[in-house]
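Notes follow once the structure below has been shown.
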Amino acid sequence: MKRHLVTTVVMVLFPVILQAQEHRHADAHEHGIVQLDIAIEDKTADIDLEAPAFNIYGFEHRPVSAADKAKQNAGLEKIRKNLTNLIQFQPDAGCSIRVGKLAWVLETAQGHNQGTQQGEHSVVQGEFKVTCKKSLPGTKLRLGFSRMFREFNLNKVRVQAVTADRQTSKDILNDEGEVQL
Ligand SMILES: [Zn+2]
């Protein structure tokens, strides 16, 4: 009887867990919000960025026209060229940021269904490598995304920073305030 109950619970819970993950994924793509995950190890850090394409270059459908492609490239270049303005480590830490990956990825709202124009969502994903002269834990981080992408209504950066002994989550609104690493 007991074993039967356990089996039933597992069978009932499992789809719920899957659904919750899917839902969380959908939540992550909330327009206006950039997600920044920072893994810090002493003088270096790995940063993962994910932003709704809408907030970087103004649309999320697959670019077809030359004008769309130009807008998309301009958005990605804006990130590439302004990394140290977008992600500002303390000046005295002497950090440089290198782009590992920077790309847009099409996500359809209906999973694997053929996405119609309206159902298409895209995200911009980036991976950056940070190398500093000074140890990063204990320093402060400021952000410049909202200023840089104001025309596309980017107003919030959700920062998750992890060091060897500390984990910080903070929402930065309109580039105001700082994150203690
Ligand atoms: Zn979207």
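Rounded to whole numbers, the Karplus 3J(HN,Hα) couplings from phi for segment 49-65 are 10, 9, 9, x, 4, 3, 7, 9, 9, x, 7, 10, 6, 4, x, 10, 6 Hz, using 6.51 cos²θ - 1.76 cosθ + 1.60 with θ = phi - 60°, and x at Gly and Pro.
Cross-link partners for LYS78 among the lysines, with Cα-Cα distance under 16 Å and sequence neighbours closer than 8 places in the same chain left out: LYS69, LYS101.
Rule-based calculations on the coordinates, nothing more; no lab input. Source: prediction; values computed, not measured.
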